[in-house]
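Contents: one structure, followed by commentary.
FYI, it's all coordinate maths here, none of it is from the lab. These numbers come from a predicted model, not from an experiment. Cβ atoms come from the backbone with ideal geometry, glycine included; neighbour counts cover every protein chain shown.
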Amino acid sequence: MDITYLLNSGFLVRDEKTLLVFDDYEDPAGIVDAAYDKGDFDRLYIFATHAHFDHFSTHVRAYAPKTTRYIFSSDIKHTKRVKIFPTNKITYMKRYTEWEDDAIHVWSYDSTDVGVCFRVQLPSGKRVFHAGDFNWWHWIGDTPENIDLAEKAFKRQVKRLKGMQADVAFFPVDGRLGIAQEKGALEFAARTNVKSLVAMHRVDYPMWTPSREFKVINRIPTWSPLKPGEHRTFVEGQFTED
Ligand SMILES: [Zn+2]
C-alpha cells in the first residue's frame, strides 16, 4: 500500500489498482492530478469526511470522469459547493452506516466535530481508517467546562471504536493543541486495534515525534508527513521510504 501526503488531512492511498483519495482540499504537489492523468488504476474513490473548507473542496470535481464514486459525509449534501458534482456519482454517508460495491466496503463512524470518520476495506483485504476531525480537542487555556466536554465527547466515541481493526489509521495530531496534541491519537490507538498511525491536521507544525508514553502504550509505527508529496510504502507492518 502506497500513501502520499497531499496537505492537512489529505492523502492518496494506492493499493494495487485501487486509489482512495481522502479530504483533498488542496494538493499543491499535484499528486492526485498526476495519478489521474497516468490512469493506471481500475477504481478511484474520493472521500470527504465533512464540509469544512480544509477537508472538502470543489476542485475534486475535475476527477469526475474517472471517479468510481464520491463518498461524502452527509453534511456535505447541504452545501452549495456540492451542487456542481454529478449527483449519480455521490454516496452520502451518515454516522454508523455502511456502503459497499464489488470492490470496497466502507464503514462510517461519528466525529467529535462535524461529519464522520471512514474505514475502508480494499480488495486486498487491507483496511484504512481516516478520522476526519474526530479528535480529543483539548485546547490548553479553554474553560474547564469545555475541556471536560471535549474529553467526554471523545471518550464516548472512542469506546464505540473498541477493538476496531485497521492496517493504517490517519489521525489528527494538531500542533495547535500544544502539549495536548497527541492525547487523542494515544488514546485512540490504545483502544482500537490499528497497526500503524499517520499524523495529520498539523500544517505549519514540525514533524510529530511520539512521546515515550505513546511508544510504551502503543507499539506501532507512526509517520508524521511534513511536505506535500511526501510518500511512504506500508508493507509488512512498517512504513518504508523509497
Ligand atoms: Zn479540520
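Which of LYS66/LYS162; LYS152/LYS195; LYS152/LYS215; LYS183/LYS227; LYS77/LYS215; LYS162/LYS215 have a Cα-Cα distance over 29 Å? Flagged as over cut-off: LYS66/LYS162; LYS77/LYS215.
For the chain, the Cα gyration tensor yields ellipsoid semi-axes of 27, 20, 17 Å (square root of five times each eigenvalue, largest first, whole Å). Dividing the helix sum by the residues of the chain, where each DSSP H run of 4 or more adds -39500 (n - 2.57), gives a mean residue ellipticity at 222 nm of -5000 deg cm²/dmol. Amide H contacts of ASN135 (H built 1.01 Å from N, in plane; Pro and chain starts excluded): THR112, ASP113 sit under 5 Å, all sequence-distant by 5 or more or on other chains.
Result for the chain in a Gaussian network model with C-alpha springs under 10 Å: among HIS105, HIS231, HIS138, the largest mean-square fluctuation is at HIS105. If you wrap the Cα atoms of segment 1-122 in a convex hull and average its projected area over all directions, you get 6.9 nm².
Counting only alpha carbon atoms, the long axis of helix 144-160 and the longest principal axis of the chain meet at about 60°. Distance from the alpha carbon centroid of segment 44-88 to that of segment 136-157 works out to 30 angstrom.
Annotation: amide H of LEU6 within the under-5 Å range of PHE11, LEU12, GLY229, sequence separation 5 or more or interchain, hydrogens built in the peptide plane.
Alpha-carbon geometry of segment 114-222: the Rg and the Dmax are 13.7, 46 Å, given in that order. In a simple Cβ point-charge model (Lys, Arg +1; Asp, Glu -1; nothing else charged), the chain has a dipole of about 640 debye relative to its Cα centre. Size of segment 165-242: Rg and Dmax of its alpha carbons, in Å, are 12.0, 33. Note on segment 112-200: with charges restricted to the Cβ of Lys and Arg (+1) and Asp and Glu (-1), its dipole about the Cα centre is near 560 debye.
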